[in-house]
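A short write-up of the structure that comes next.
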Amino acid sequence: MSEAPKYVVRKFEPSDAESFYAAVRESIDELAYWMPWCSANYAFSDAENWIKKCIDLWASNTEYPLGIFDASTGAVIGGTGIHEISRAFRIGSIGYWVSSRYKGHGVARFAAHQAALIGFNQLELTRLEIVVLTHNIASQRVAMALGATLECEARNRLYFQGAPHDAFVYSLVPEDVL
């Protein structure tokens, strides 16, 4: 008999704002370094606005942000999703973050895998990229654990903290995750 999943990946709902806010606030010190939207003055209204934006993005079929939830409590424990979509080339990118308390438990790998399944099965994409700053070892580990292929180190691929930075580009194709 298989074990019940510990985590759930799904679209955000308006009622998730409070839990999202709590997850961000408890992880503010770590998140603020990596996430440009996160700062010491992150407010509940920011969380409400983000959830609304997520719902609007899904409705417009432009990006597909997803929440990561603790299956037993329903609490938000992070985020993932598919963005930078090119319909013409049927490609997109996956991103992810996990609240500090849940780091090191396979949450990001699980969530990114779920996002990839949505990208390939529902959105009918044929390639997903994970683009990781060269000094973001944790995200590199997630990409490798997913079975993504490291394709290159791309010069000035990401704009981070006000400057261009090199990044590793990993790829997933349907047969990697299905």
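No lab work stands behind these numbers, since they all come straight from the coordinates. Just so you know, these numbers come straight off a predicted model, no measurement behind them. We place every Cβ from the backbone using ideal geometry, glycine too, and count neighbours over all the protein chains shown.
Judged by the ratio a/c of the largest to the smallest principal axis of the C-alpha gyration tensor, the stretch 8-56 counts as prolate, that ratio being 1.5 or greater while a/b is larger than b/c.
A straight Cα-to-Cα reach below 19 Å connects Lys103 with the lysines Lys6, residues fewer than 8 places away in its own chain not being considered.
Assuming R0 = 35 Å, can you tell me the calculated FRET efficiency for the pair Ala145 and Ser15, based on Cβ-Cβ distance, to the nearest 0.05? Efficiency, rounded to the nearest 0.05: 0.65. Tell me the net charge near Phe168. Cut-off is 13 Å between Cβ atoms, Phe168 excluded, with +1 for each Lys or Arg and -1 for each Asp or Glu. Cβ neighbours under 13 Å give a net charge of -1. Among Gly74, Gly92, Gly119, which one moves the most in a GNM of the chain with springs linking Cα atoms closer than 10 Å? The residue that fluctuates most here is Gly74.
A cut-off under 15 angstrom between Cβ atoms defines the neighbours of Lys53, and their net charge, with Lys, Arg +1 and Asp, Glu -1, is -4.
Summary value for the chain: 17 percent relative contact order, contacts being C-alpha pairs under 8 angstrom separated by 6+ residues. Does the chain come out rounded, prolate or oblate by the C-alpha gyration tensor, with a ≥ b ≥ c the root eigenvalues, rounded set by a/c under 1.5 and, if not, prolate when a/b is larger than b/c and oblate if not? Since a/c stays below 1.5, the shape of the chain is classed as rounded. Between the residues Ile91, Ser39, Ile68, the greatest Cα displacement towards the positive end of the dipole of the chain, with unit charges on the Cβ of Lys, Arg, Asp and Glu, is found for Ile91.
When the helices of the chain are scored as -39500 (n - 2.57) per DSSP H run of n ≥ 4 and the total is divided over every residue, the value at 222 nm lands at -9500 deg cm²/dmol.
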